[in-house]
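Have a look at the structure below, then the notes.
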Amino acid sequence: MSAVQNGGQSAGAITYAGGQNIDLANVEHELAGLWRQAGEAAAEAGQRSVTRACLWNLVVYQPPPEQRYGRPSAPRLLDDVTAAVPSRLLRLELRPEAEAPSGGKAVSAWVNTKCNISPAGGHQICTEEIGIAGFGRKGQAHFPALVRALLVPDLPVALVWLDSAPHKGRLLRDLLRLSDRILVDTQPSAEGATLIEVDELVRETHAQFVDLGWMRLTPVRYMVASLFDAPGRPEQLKHLEGIRIDTTPSGRNSGFLLLGWLLSRLGKLELSAEDAAGREAEFRWKIRQENGSFPIEFHVREGEGGLDGLLCLDVAAGGEHFVLRQVDALHVALDSPDHGGKKLALHGWDDPELVVAGLGGPGLDALYPEALNIAARLIGAEAWNR
Amino acid sequence: MNPLRDGLIKERVPAPQVMVIFGASGDLTRRKLLPALYTLARERQLPSPFSVVGFARRPKSDEDFRGEMREGCDRFARRRPVDETLWSSFAECVFYQQGSFDDAAAYAALKTRMEEIDAKLGIPANRLYYLSTPPSAYPTIIDNLGAAGLVSRAYEPFTRIIVEKPFGRDLESAQVLNRQVKQVFREAQIFRIDHYLGKETVQNMLVFRFGNGIFEPLWNNRYVDHVQITGAEAIGVEGRGAYYEEAGILRDMVQNHLFQVMSLVGMEPPISMDSNSVRDEKVKFLRSLRHIPDGKVDEYVVRAQYASGHVLGESVPGYKEEPGVDPQSTTETYVALKLLVDNWRWANVPFFLRSSKRMPKRVTEIAIHFRQAPHQLFGNGTGKGPVPNVLSIRIQPNEGIALHFGSKIPGPTTDIAPVNMEFLYGTSFGNEPPEAYERLILDAMLGDSTLFTRDDEVEASWTFITRIHQAWAEQKKKQIPVFEAGSWGPSEADELLGEGMHWRRP
């Protein structure tokens, strides 16, 4: 075992690395050894005691590199998260069968603890990580049983599935059965099918879904809502004349979720798809509202996508336009009869902050399933009635 | 109703506003208020747009003020080091306005300055005033604010005022001050701050009692033997001898902080968590405190002064040797009280409170002492029998909760040893709780007065405390007991507790 200063993002963090390829039956014993080592190191350095803290079991799935989104992987992101939300990290890494160690074992494990010096000085707050590599399908099959064995009792379990789109496979279903909450991110997925699959999962499982893609939309939803706060404006939403939304390619799923949310708030609607299925860059639908029909246009184009890839939302209602548009990476403008191009700063959250927020609070946002379901139906060009 | 607002989680982000700190040259602004505002900015909890204006007598430029506040944030902000990018945008909204509290022209200038800020930043004339001045200046500032047209009693745009403690020095002065403030502000606009209520553990008292099913059934005279609340400080009067001579610890700590804590321990469950429901219950509890019978104050209250001694490795002078203190002073720096509560829940359960300067360490805690098991099966006569169960709630430092109970010592006998089951904020949540001022300023910005003291609460606590002061005044004692600095207080305080009981060593 060795203690290494973490060269990562949080200054003052110390990682105590345990053995590689440890016996799976001895994981807890290895961890106990690391705790002793951390305690002794703190005592030698004249620091106060090492404190083991744990609020969550975080089960982190890491798919093979070719399946991952092109961004820092979840375990790196969680280094920052666990400094704020102490947790036991169970990292499940799926590797090719060819990389299996000699001896034919389908899984191998390692442990380490990471200690952050409390900002108030003195003691170290430590979290522990158990890594499990599964080699090929056989290795993957071990994951659920190992997770069951290694969870800290009586603490909630969050499945962190942020490195790839959550495809409905056996592994995901098995892990979901063990989980109270699942964190996914639908935004980086270029496939609209991702929203369709997540929609099915949300309806099939008891775990609370926290979609970082949806959370990123929170400030946008508040701004869109503010376009209709003035007296008489809500009434205009009953007389919609059209909705147009423009996104970058990476903001497509955000655009669908935003549209799903907007439509979910408008009462009784009936949708017929027009020229939507199978298209990549342009979609059209027709919505029947109580007071008539209106078109929706969805355009995907290049642009600077600081607003989670959303470039513009234009709602035409009651003879007027209510527009939210991106000005630059840090600002948006609200154009409406009441706002007159008011420029607002965007206060986006970075991914570790989103994950911390996703682990706090009640979990599932009640609006999400509705918005997601409509988004999925729009993508599937499925006519509906609600 | 805007259907797009439906289901959006209600944001705890306040409306755009200008905050004015009166007495901005003081230590509180530099050490607590601006660091709290900076931390709120860093955690994206400040309104946008927002501005803070420091108002004080000393001539100073905006830049000078920003420099002083930056230094304060560098030293005292919870989130350090200070983020340069964030600070530069935050500092752009920090201003300084020079003026005397009694100069009407200064308020007119302040008004103009705020209107300029409103116009520049797009703030809809919402105002939050913070009185961080000596209490003697409160009436002058409040009157001038009213006369200058700087207070609107309307709901929108809003005007609110935060008033620092002490709120009065006895019942009569508190009533007078309440009347003065309410001539200009509505009660709902007044936020009487007691920073103890901003502490995480104090707020957790409500969650602990009413959010868990297992504690409240034990929280009554059937299971609780007595309650001890300690507010101890290791420091002395720190150069404020003249102020302390006028105040004393009963005014400085007990009337506000300890009574607030005690009322949260003793109150009945509120019907909801809205500000008035919670405060209604606190007032009910304070009103059920049994008044000390005439001529018996010494049976219920012990007062004392610290003499010289040793605290945390330093030799310290006695109170009467402190600068600004009358050598014949009978002002108490230590007080212990035995309080009885005339209601069904707490009948015959004494609440013991003590507070002092120059104790061995700084600690504030509540200890609920439970009754012993009705029949003793273990350790008869050996001294290794059952220990009392104590639930201790630590408010500062090392915020947390511990349950003290007896456990069998491993081995062939049934000897019992005391053990602790402990929860610490730092351990469980991995980070330090926010500063009290962050929470309280944010709540005032939001208009949530749950953690602030209402007029009737202030008057209920002063009603009780003033009777003690009156009784002491009638005694005309030439001297009061002393205790060695660095000890846990005078032996007279032990006699308050009664047979077989003792003060906890927190």
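From the list B:ARG31, B:ARG78, B:ARG57, B:ARG66, the lone residue that is crowded, with 19+ Cβ neighbours inside 10 Å and farther than 26 Å from A:ALA357 by Cα is B:ARG66. All but one of (1) part of a loop (DSSP other than H, G, I, E, B); (2) closer than 30 Å to B:VAL363 by Cβ; (3) not aliphatic (A, V, I, L, M) hold for B:GLY149; state the number of the condition that does not hold. B:GLY149 satisfies all of (1) part of a loop (DSSP other than H, G, I, E, B); (2) closer than 30 Å to B:VAL363 by Cβ; (3) not aliphatic (A, V, I, L, M) except (2).
Each residue in segment B:1-35 was checked for being within 14 Å of chain A (Cβ to nearest Cβ), of a type in the set (A, V, I, L, M, F, W, C) and assigned to a loop (DSSP other than H, G, I, E, B), and 5 of them qualify. Listed by position, the strands (runs of 3 or more DSSP E) contained in segment B:284-376 that have at least 2 residues being surrounded by 13 or more Cβ atoms within 10 Å (Cβ to Cβ) and under 23 Å from the mean Cα position of the chain (by Cα) are B:301-311, B:334-339, B:351-356, B:363-370. Restricting attention to segment A:216-231 and to residues that are assigned to a helix (DSSP H, G or I) and within 11 Å of chain B (Cβ to nearest Cβ), the residue that is nearest to the chain's Cα centre (by Cα) turns out to be A:THR218. Here A:PRO156, A:PRO96, A:PRO119 are screened, and the one residue that is within 14 Å of another protein chain (Cβ to nearest Cβ), over 17 Å from the mean Cα position of the chain (by Cα), over 18 Å from A:VAL27 (Cβ atoms) and at pLDDT 80 or above is A:PRO156. If you check A:GLY12 against the conditions, is it within 30 Å of A:ASP350 (Cα to Cα), modelled with pLDDT under 80 and surrounded by fewer than 21 Cβ atoms within 10 Å (Cβ to Cβ)? Answer is yes for this residue. Residue selection: A:ALA149 satisfies the criterion of being assigned by TED's automatic domain parsing to the domain that holds A:ASP79, surrounded by fewer than 17 Cβ atoms within 10 Å (Cβ to Cβ) and not in a loop (DSSP other than H, G, I, E, B). Over 25 Å from B:VAL13 (Cβ atoms), outside the structural domain of A:PRO156 (by TED's automatic domain parsing) and at pLDDT 85 or above - does that describe any residue in segment A:348-371? Within segment A:348-371, one or more residues are over 25 Å from B:VAL13 (Cβ atoms), outside the structural domain of A:PRO156 (by TED's automatic domain parsing) and at pLDDT 85 or above. On inspection, A:ILE132 fails the criterion of being closer than 18 Å to A:VAL355 by Cα, away from chain B (no Cβ under 14 Å) and aliphatic (A, V, I, L, M).
Only one of the listed residues (A:ASP365, A:ASP351) is within 12 Å of chain B (Cβ to nearest Cβ) and either crowded, with 19+ Cβ neighbours inside 10 Å or within 15 Å of the chain's Cα centre (by Cα) (or both). That residue is A:ASP365.
B:SER51: crowded, with 19+ Cβ neighbours inside 10 Å, among the hydroxyl-bearing types (Ser, Thr, Tyr) and touching a strand residue (DSSP E or B) at 6+ places or on another chain (Cβ under 9 Å), yes or no? Against the criterion (crowded, with 19+ Cβ neighbours inside 10 Å, among the hydroxyl-bearing types (Ser, Thr, Tyr) and touching a strand residue (DSSP E or B) at 6+ places or on another chain (Cβ under 9 Å)), B:SER51 qualifies.
Consider B:ALA119 carefully, then state whether it is free of Cβ contacts under 8 Å to residues at least 40 places away in the same chain, of a type in the set (A, V, I, L, M), closer than 25 Å to B:GLY146 by Cβ and not in a strand (DSSP E or B). Criteria met by B:ALA119.
For segment B:451-458, the criterion of being more than 30 Å from A:ALA53 (Cβ to Cβ), away from chain A (no Cβ under 14 Å), polar (S, T, N, Q) and assigned to a helix (DSSP H, G or I) is satisfied by no residue at all. Within the set A:GLY341, A:GLY318, A:GLY380, the sole residue that is in contact with a His (Cβ under 6 Å, 6 or more places away or on another chain), assigned by TED's automatic domain parsing to the domain that holds A:SER254 and more than 25 Å from A:LEU77 (Cβ to Cβ) turns out to be A:GLY318. Please work out if B:ILE441 is aliphatic (A, V, I, L, M) and in contact (Cβ under 8 Å) with a residue 60 or more places away in the chain. It is true that B:ILE441 is aliphatic (A, V, I, L, M) and in contact (Cβ under 8 Å) with a residue 60 or more places away in the chain.
Any chance segment A:257-268 includes a residue that's away from chain B (no Cβ under 14 Å) and surrounded by fewer than 21 Cβ atoms within 10 Å (Cβ to Cβ)? No, the conditions are met nowhere in segment A:257-268. Selection over segment B:453-500 of residues that are aliphatic (A, V, I, L, M) and either in contact with a strand residue (DSSP E or B) (Cβ under 6 Å, 6 or more places away or on another chain) or surrounded by fewer than 16 Cβ atoms within 10 Å (Cβ to Cβ) (or both) gives a count of 7. Checked against (1) over 26 Å from the mean Cα position of the chain (by Cα); (2) part of a helix (DSSP H, G or I); (3) more than 14 Å from chain A (Cβ to nearest Cβ); (4) crowded, with 17+ Cβ neighbours inside 10 Å, B:TYR38 passes all but a single condition, namely (1). Please indicate, with yes or no, whether at least one residue in segment B:35-53 is in contact with a Ser or Thr (Cβ under 8 Å, 6 or more places away or on another chain) and at pLDDT 95 or above. No, segment B:35-53 contains no residue that is in contact with a Ser or Thr (Cβ under 8 Å, 6 or more places away or on another chain) and at pLDDT 95 or above. Any residue in segment B:345-361 that's within 30 Å of B:GLU216 (Cα to Cα): show its pairings with residues that are at pLDDT below 95 and of a type in the set (Ser, Thr, Tyr) at Cβ separation under 7 Å, as long as the two are six or more apart or on different chains. Going by the 7 Å Cβ cut-off, there are no qualifying pairs. Here is a check on your reading of the model: is B:GLN97 more than 14 Å from every other protein chain (Cβ to nearest Cβ), among the polar types (S, T, N, Q) and touching a Leu at 6+ places or on another chain (Cβ under 9 Å)? So B:GLN97 fits the description; yes. The residues of segment A:319-342 that are among the charged types (D, E, K, R), touching a Leu at 6+ places or on another chain (Cβ under 8 Å) and at pLDDT below 85 amount to a single one, A:LYS342.
From the list A:ARG76, A:ARG71, A:ARG91, which residue is more than 14 Å from every other protein chain (Cβ to nearest Cβ), in a helix (DSSP H, G or I), under 25 Å from the mean Cα position of the chain (by Cα) and among the basic types (Lys, Arg)?
A:ARG76
All told, A:GLY169 meets the bar of being free of Cβ contacts under 8 Å to residues at least 24 places away in the same chain and away from chain B (no Cβ under 14 Å).
The values are calculated or read from the model by the stated rules, or taken from the named source; none is laboratory data. Bear in mind that the values here come from a model prediction, so they are computed numbers and not experimental data. Every residue, glycine among them, receives a Cβ derived from its backbone with ideal geometry; neighbour counts consider all protein chains shown.
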